[in-house]
Amino acid sequence: MKGLSVALLITLIACCGYAQKSPMKFGILPLEDLKMEVYDKDSSAAAVILADYGEAYLEFHSLRFERHVRIKILRKEGLGWADVQIPLFRVSGLEERVTKLKASTFNLENGRLVETSLDGESVFKEKFNTNINLYKFTFPNVKEGSIIEYSYTLVSDFLANFPNWQFQYKIPVRFSEYWAVLPDYLVFQKFMQGYIPPTLFEVKERLGSANYRVYTHHWISKDVPAFKTEPFMTSEHDYVSQINMALSHLSYPRSPLFEIMGSWKKLNDRLLESEGFGRTITGSNFLKAKTKELTDGKVNQMQKLEAIFNYVQQTLEWNGSKDKYPDDDLKKVVEQQKGTAADINIVLASMLEKAGIAVDMVLLSTRDHGFVRPEYPMERQLNYAIALARVEDKTFLLDATEKYLPMGTLPERCLNGQGLVISPTRHGWIDLEPKIKSRTSINSDLVLTDTGELNGTINYTYDGYAAQTVREKYTTKGEADYLKDFLSTRSWDVRSSKIQDIKDVNKSPRQSHELTIRDHTTMAGDVIYINPLLSEQTKENIFKAETREYPVDFGTPSEIKYLARFTVPPGFVVDEMPKPKLAVLPDNAAKFSYATTQVGDVISVVSVLQINKSMFVQDEYPPLREFYNLIVAKHAEQIVLKKK
């Protein structure tokens, strides 16, 4: 069971929600809002949520969620708010549904209010993943200055999906109000996240119709600032101001306690026995023949693992959908050679199982989905599935969706804390740490002429996630367009280019260029100034804010190593060179080294930047920011040559 049906659990309830009143009346708009051109509390805002009202309650056998939203569009960058999507949970033939939808665009034209109502043809539904459809609509006649307004009721049979409420968005919110009406026999875990507390929180109590108590939880937030994304963040959903609701258990009078949230172990046991998960892996007998074909003649388990992984990785195409449960018809997925992440990785696991390789599944939350709070065992926190194989006392975390990563390397989207191992013997949490760095090495050998030209070669070598990025761009664009794109931001006169080892994911792709460079030197009489960082120069600090409320999450460790050799032209001598520099953050979390040396007429410049851990918490931000200030300053220094 992937959802909890209200009707199955609550059969004696007539009604426990007394409707509150929205602070807005649909279509009644203050003149000052219609005339608003700039939001007074944030002049940079492209749009502002004028009011956002929600109420969730039980009525008969259904969970009902009423929503009423009003948004002012201020600039063209805010027009995207006219595209609305409402997620609908579905399982076992049941699906949440939207009723009483009302949506209109309001414009002030020649002093007259013009309303354009939503056309039914602009409303449609599309599949997002196995358990979620998206109910979507687009407002008509929206332009700068418009106010868009919509209201609807969501009817749900899934009490465990009691709505959370988000107070903060990427645009400012002038007023936000949420009511959650809960009978006392429904025991919820409620937790607030984010850095902006609500303006008001109160709980009102009354007697229900069947002598149970009803608690009305009421939140209001006013003048909520826009959520500002900062460099190297995971999902904004981890940090926006929001109230989360998690149904823990039912405690109905004179009835035994009915556990809802349960435990991760219970989820594990249920999934192992599920026809749509565990039994799909041990079943799916149509995969036996192909597995045997791939593994015949292989003398050990590692060879079998590699053969099966390579087949699935190169044969099945990922459709971009992040999902934790496979399609109902896995055979169709294999025939069409295309599927979700869960489809592909369940096929992989099933084939490994048939080859006699110990395999389990791991459920996780991708970086854009948010981090997992293990203390709340809620299935909806997880949105993605990978495989875990054990061969020769080694453990391999496997995701076959990416064709440009070697076996055992997870895509960056999966590197998000911990994953939940679904296993009959090894259930528990496993760290999702990167096994490799993103590494780029640049090596150049150039001869400087007395006119300030640099002639020679520059070579790039990529490893880890940097190699994946290069391979993906090269394969998608083709060699000609890849080189055109790579060179478009560089003022180089390239005579020839060569790319090697681009297809074999177990090798490091390389590219080399024979060229002339003129924009990294400046002539001033008898003096030549050389900017020695021909590539990967850190020109500005990526961390501009003096303070930061959120952790810095690089995703993966990284290294950029730059080595350049410059041959000085005859008749010139070094007048000034940058001094060496070494900066190391505590516990070697990051390291920067810079050195220049001269041997004869050759000047060597070496710059190495290493980020050795993925996550920096808020207290580590000031030294990290200063670390990057130092790099910017050092990379800006020049070599000065003077004529004898």
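The values are calculated or read from the model by the stated rules, or taken from the named source; none is laboratory data. The structure displayed is predicted, hence computed values, not measured ones. Here the Cβ positions follow ideal geometry from the backbone for every residue, glycine too, while neighbour counts run over all protein chains shown.
Considering only the stretch 291-307, state which residues are surrounded by 15 or more Cβ atoms within 10 Å (Cβ to Cβ) and free of Cβ contacts under 8 Å to residues at least 24 places away in the same chain. Residues satisfying the conditions are 298, 307. Number of residues in the stretch 197-232 that are at pLDDT below 90, among the β-branched types (Val, Ile, Thr) and assigned to a strand (DSSP E or B): the value is 1. Can you name every residue in the stretch 16-57 that is touching a Phe, Trp or Tyr at 6+ places or on another chain (Cβ under 6 Å) and either of a type in the set (Lys, Arg) or assigned to a strand (DSSP E or B) (or both)? Correct list: 47, 48, 51, 54, 55, 56.
Just to be sure, is residue 623 closer than 23 Å to residue 516 by Cα, outside any strand (DSSP E or B) and not hydroxyl-bearing (Ser, Thr, Tyr)? Spelling it out, it is not the case that residue 623 is closer than 23 Å to residue 516 by Cα, outside any strand (DSSP E or B) and not hydroxyl-bearing (Ser, Thr, Tyr).
Would a scan of the stretch 440-453 turn up a residue that is at positive phi and surrounded by fewer than 20 Cβ atoms within 10 Å (Cβ to Cβ)? Within the stretch 440-453, one or more residues are at positive phi and surrounded by fewer than 20 Cβ atoms within 10 Å (Cβ to Cβ).
Rundown of residues vs (1) surrounded by 18 or more Cβ atoms within 10 Å (Cβ to Cβ); (2) touching a strand residue (DSSP E or B) at 6+ places or on another chain (Cβ under 9 Å); (3) not hydroxyl-bearing (Ser, Thr, Tyr); (4) not assigned by TED's automatic domain parsing to the domain that holds residue 327, yes/no style:
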residue	(1), (2), (3), (4)
109	no, no, yes, yes
115	no, yes, yes, yes
123	no, yes, yes, yes
137	yes, yes, yes, yes
160	yes, yes, yes, yes
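Of the residues screened, residue 489 is not one that is touching a Lys or Arg at 6+ places or on another chain (Cβ under 8 Å) and outside any helix (DSSP H, G or I).
Only residues that are farther than 17 Å from residue 23 by Cα and either of a type in the set (A, V, I, L, M) or not assigned by TED's automatic domain parsing to the domain that holds residue 164 (or both) were counted in the stretch 49-72, giving 2.
When every residue of the stretch 224-238 is checked against the conditions, none turns out to be farther than 30 Å from residue 47 by Cα and either touching a Phe, Trp or Tyr at 6+ places or on another chain (Cβ under 9 Å) or surrounded by fewer than 17 Cβ atoms within 10 Å (Cβ to Cβ) (or both).
Among 524, 545, 480, which is the only one that is more than 25 Å from residue 606 (Cα to Cα), over 33 Å from the mean Cα position of the chain (by Cα) and among the aliphatic types (A, V, I, L, M)?
On the way: 545 fails: over 33 Å from the mean Cα position of the chain (by Cα); 480 fails: over 33 Å from the mean Cα position of the chain (by Cα).
The match here is 524.
Determine, yes or no, whether residue 419 is touching an Asp or Glu at 6+ places or on another chain (Cβ under 7 Å) and buried (at least 18 other Cβ atoms within 10 Å of the Cβ).
no
Could you go through the stretch 39-49 and let me know if any residue there is within 27 Å of residue 156 (Cα to Cα) and in contact with a Cys (Cβ under 8 Å, 6 or more places away or on another chain). Within the stretch 39-49, not a single residue is within 27 Å of residue 156 (Cα to Cα) and in contact with a Cys (Cβ under 8 Å, 6 or more places away or on another chain). The lone criterion from (1) under 29 Å from the mean Cα position of the chain (by Cα); (2) within 21 Å of residue 463 (Cβ to Cβ) left unmet by residue 489 is number (2). Filtered by the rule that a residue be under 11 Å from residue 407 (Cβ atoms) and surrounded by fewer than 19 Cβ atoms within 10 Å (Cβ to Cβ), the stretch 308-324 gives a lone residue, 310. In the stretch 261-276, the residues that are within 23 Å of residue 249 (Cα to Cα) form Cβ pairs under 7 Å with partners that are of a type in the set (Asp, Glu), at six or more places apart or across chains, as follows: 267/379. Here the stretch 71-94 is the region considered, the condition is being in contact with a Ser or Thr (Cβ under 9 Å, 6 or more places away or on another chain) and over 24 Å from residue 25 (Cα atoms), and the residue that is modelled with the highest pLDDT is 88. Among the residues of the stretch 324-348, those that are within 20 Å of residue 430 (Cβ to Cβ) and out of contact with any Leu (no Cβ under 8 Å at 6 or more places or on another chain) comprise 325, 341, 342. Is one or more of the residues making up the stretch 144-160 more than 27 Å from residue 229 (Cβ to Cβ) and under 26 Å from the mean Cα position of the chain (by Cα)? Yes, because at least one residue in the stretch 144-160 is more than 27 Å from residue 229 (Cβ to Cβ) and under 26 Å from the mean Cα position of the chain (by Cα).
Residues in the stretch 511-537 that are buried (at least 18 other Cβ atoms within 10 Å of the Cβ) and part of a strand (DSSP E or B): 511, 513, 515, 517, 521, 528, 530.
Okay, residues lined up against (1) at pLDDT 95 or above; (2) closer than 22 Å to residue 411 by Cα; (3) in a helix (DSSP H, G or I); (4) polar (S, T, N, Q):
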| position | (1), (2), (3), (4) |
| --- | --- |
| 286 | yes, no, yes, no |
| 302 | yes, yes, yes, no |
| 308 | yes, yes, yes, no |
| 311 | yes, yes, yes, no |
| 322 | no, yes, no, no |
| 327 | no, yes, no, no |
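If you go through the stretch 261-274 and keep only what is surrounded by fewer than 19 Cβ atoms within 10 Å (Cβ to Cβ) and modelled with pLDDT under 80, you end up with just 262. Selection over the stretch 66-76 of residues that are surrounded by fewer than 22 Cβ atoms within 10 Å (Cβ to Cβ) and in a strand (DSSP E or B) gives a count of 4. Taken over the stretch 588-612, residues that are in a loop (DSSP other than H, G, I, E, B) and either exposed (fewer than 14 other Cβ atoms within 10 Å of the Cβ) or touching a helix residue (DSSP H, G or I) at 6+ places or on another chain (Cβ under 8 Å) (or both) amount to 3. Applying the set (1) surrounded by 15 or more Cβ atoms within 10 Å (Cβ to Cβ); (2) without any contact (Cβ under 8 Å) to a residue 60 or more places away in the chain; (3) hydrophobic (A, V, I, L, M, F, W, C) to residue 81 leaves exactly one unmet item: (2). Among the residues of this structure, residue 89 counts as one that is surrounded by fewer than 20 Cβ atoms within 10 Å (Cβ to Cβ), touching a residue at least 60 places away in the same chain (Cβ under 8 Å) and out of contact with any Cys (no Cβ under 9 Å at 6 or more places or on another chain). Among the residues in the stretch 171-185, are any surrounded by 19 or more Cβ atoms within 10 Å (Cβ to Cβ), touching a Gly at 6+ places or on another chain (Cβ under 7 Å) and among the hydroxyl-bearing types (Ser, Thr, Tyr)? Yes; the residues of the stretch 171-185 include at least one that is surrounded by 19 or more Cβ atoms within 10 Å (Cβ to Cβ), touching a Gly at 6+ places or on another chain (Cβ under 7 Å) and among the hydroxyl-bearing types (Ser, Thr, Tyr).
For the stretch 550-587, taking the residues that are of a type in the set (Ser, Thr, Tyr) and in a loop (DSSP other than H, G, I, E, B), the one that is nearest to residue 527 (Cα to Cα) is identified as 556.
Whenever a residue of the stretch 204-221 is among the aliphatic types (A, V, I, L, M), its partners that are at pLDDT below 85 and in a strand (DSSP E or B), lying with C-beta atoms within less than 6 angstrom and at least six residues away or across chains, give the pairs 214/206.
Would the stretch 341-360 turn up any residue that is hydrophobic (A, V, I, L, M, F, W, C) and either farther than 23 Å from residue 292 by Cα or at pLDDT below 95 (or both)? Yes, some residue in the stretch 341-360 is hydrophobic (A, V, I, L, M, F, W, C) and either farther than 23 Å from residue 292 by Cα or at pLDDT below 95 (or both).
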